[in-house]
Amino acid sequence: MKAVQVDESNQLFIDHYPMPEIGENDLLVKVHATAINRADLLQKNGKYPVPKGASPILGLEMAGVVEQIGSNVTNWKIGDRVCGLLPGGGYAQYVSIPSELAISIPTHLSFEEAAAIPEVFLTAYLNLFELGRLKENETVLIHAGASGVGTAAIQLVREFGAKSIITAGNEIKLNACKNLGANHVINYKDQKFEAEIEKLTDHEGVDVILDFVGASYFHQNLQSLKTNGRLILIGTMGGVKVNDVNLLPLLMKRISIIGSTLRSQTLHQKIHLTNQFTKHVLPLFISNKISPVIDSIWSWQDVNEAYSRMENNLNIGKIVLKID
């Protein structure tokens with residue numbers, strides 16, 4: 001088969017690569033589309049070690065057609081259209097995936113649309129509801145609201161009866177978040193989000209924060225949380241080291257800080273998450289209440305140009321690669 005690989009100058013190119021092997025509980029899927037995630041950018045630049053046993057090929061999600069099934073697999077058949085999370089290997093013509101991680105693609109969705117679902121919607125569901133314990137009528141602050149995870153989270157918050165406040169850096173992104181159902185939007189370049197949160201919540205603060213930024217937002221995040229608030233840290237785009245930490249707000253407001261990455265979850269945890277997603281979120285896709293948000297679709301031949309778009313923070317939603 002062919003797969004995207006990384007050369008010595010960290011440029012991506014397509015070349016031959018050995019076919020993946022499948023175990024007795026796995027599916028071999030012919031990949032029609034995949035999508036770009038920030039973890040892929042880090043891995044390309046040597047800053048994200050591949051988990052033990054995972055494919056070194058980039059790509060954390062895919063959509064395609066089942067071509068082979070393992071001897072123990074009974075819930076899928078050859079020809080089924082599936083998407084799903086991967087520990088790696090998505091930027092290739094074929095991938096092996098544990099059958100329990102496969103998700104049936106709703107009939108009205110294309111492969112490109114389906115490829116824009118797994119990583120961001122499962123990440124959003126995990127962090128909002130499994131870890132963040134977000135409840136109906138609570139309020140969540142979502143940083144990087146126009147990102148893939150952000151656009152997924154806004155829709156889930158809306159459908160589960162909670163409220164969202166988002167931050168983004170320009171009017172186009174802010175308007176896109178409004179159109180998805182964000183209750184309030186904050187331009188972090190023009191406004192101090194912690195001051196806006198005080199106004200919007202009548203000085204109470206929010207219940208949950210989804211933070212991709214890290215160190216540079218840490219103090220403002222603590223200020224923006226209400227009593228029993230939960231800070232879910234899912235990225236460190238703004239640095240990893242926090243200076244002059246005052247622990248008193250953590251004690252007085254009983255704040256929980258939870259670090260979270262999806263890729264490092266165990267297979268058992270990913271199966272649980274996939275089952276929860278299939279039960280609670282997939283029906284919302286089938287009924288068209290939520291939908292994948294696609295920024296752009298590229299041939300995988302143009303993968304370097306597609307990466308440049310994400311590296312420059314130009315995307316609203318997912319950047320998808322078609323596998324020829």
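The values are calculated or read from the model by the stated rules, or taken from the named source; none is laboratory data. Being a predicted model, the structure only gives us computed values, none of them experimental. Note: ideal-geometry Cβ built from the backbone for every residue, glycine included; neighbour counts use all protein chains shown.
See the values below:
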{"item": "Output for the stretch 9-24, where each listed residue is part of a loop (DSSP other than H, G, I, E, B) and either surrounded by fewer than 15 Cβ atoms within 10 Å (Cβ to Cβ) or not assigned by TED's automatic domain parsing to the domain that holds Tyr91 (or both)", "result": "Ser9, Asn10, Gln11, Pro18, Met19, Glu21, Gly23, Glu24"}
{"item": "Members of the stretch 241-292 found to be among the polar types (S, T, N, Q), assigned to a loop (DSSP other than H, G, I, E, B) and in contact with a helix residue (DSSP H, G or I) (Cβ under 6 Å, 6 or more places away or on another chain), listed by number", "result": "Ser260"}
{"item": "Pick from the stretch 55-95, criterion among the polar types (S, T, N, Q) and in contact (Cβ under 8 Å) with a residue 12 or more places away in the chain, ranking: surrounded by the most Cβ atoms within 10 Å (Cβ to Cβ)", "result": "Ser55"}
{"item": "Hey, Ala63 touching a helix residue (DSSP H, G or I) at 6+ places or on another chain (Cβ under 6 Å) and either closer than 29 Å to Asn312 by Cβ or of a type outside the set (A, V, I, L, M, F, W, C) (or both) or not", "result": "yes"}
{"item": "Single residue of Asn315, Asn221, Asn228 found to be within 23 Å of Ile142 (Cα to Cα), more than 17 Å from the chain's Cα centre (by Cα) and buried (at least 18 other Cβ atoms within 10 Å of the Cβ)", "result": "Asn221"}
{"item": "Single unsatisfied condition, Ala54 versus (1) of a type in the set (A, V, I, L, M); (2) in a loop (DSSP other than H, G, I, E, B); (3) farther than 23 Å from Val120 by Cβ", "result": "(3)"}
{"item": "Tabulated pairs, the stretch 175-190, first within 11 Å of Ile142 (Cβ to Cβ) and assigned by TED's automatic domain parsing to the domain that holds Ala146, second of a type in the set (Val, Ile, Thr) and in a helix (DSSP H, G or I), C-beta under 7 angstrom, 6+ apart or interchain", "result": "Cys177/Ile154; Leu180/Thr151; Leu180/Ile154; Ala182/Ile154"}
{"item": "So Asn187, is it closer than 29 Å to Ser291 by Cβ and either surrounded by fewer than 19 Cβ atoms within 10 Å (Cβ to Cβ) or of a type in the set (Gly, Ala, Ser) (or both)", "result": "yes"}
{"item": "Complete set of residues in the stretch 233-248 that are under 13 Å from Asn221 (Cα atoms) and either touching a strand residue (DSSP E or B) at 6+ places or on another chain (Cβ under 8 Å) or among the polar types (S, T, N, Q) (or both)", "result": "Leu233, Asn246"}
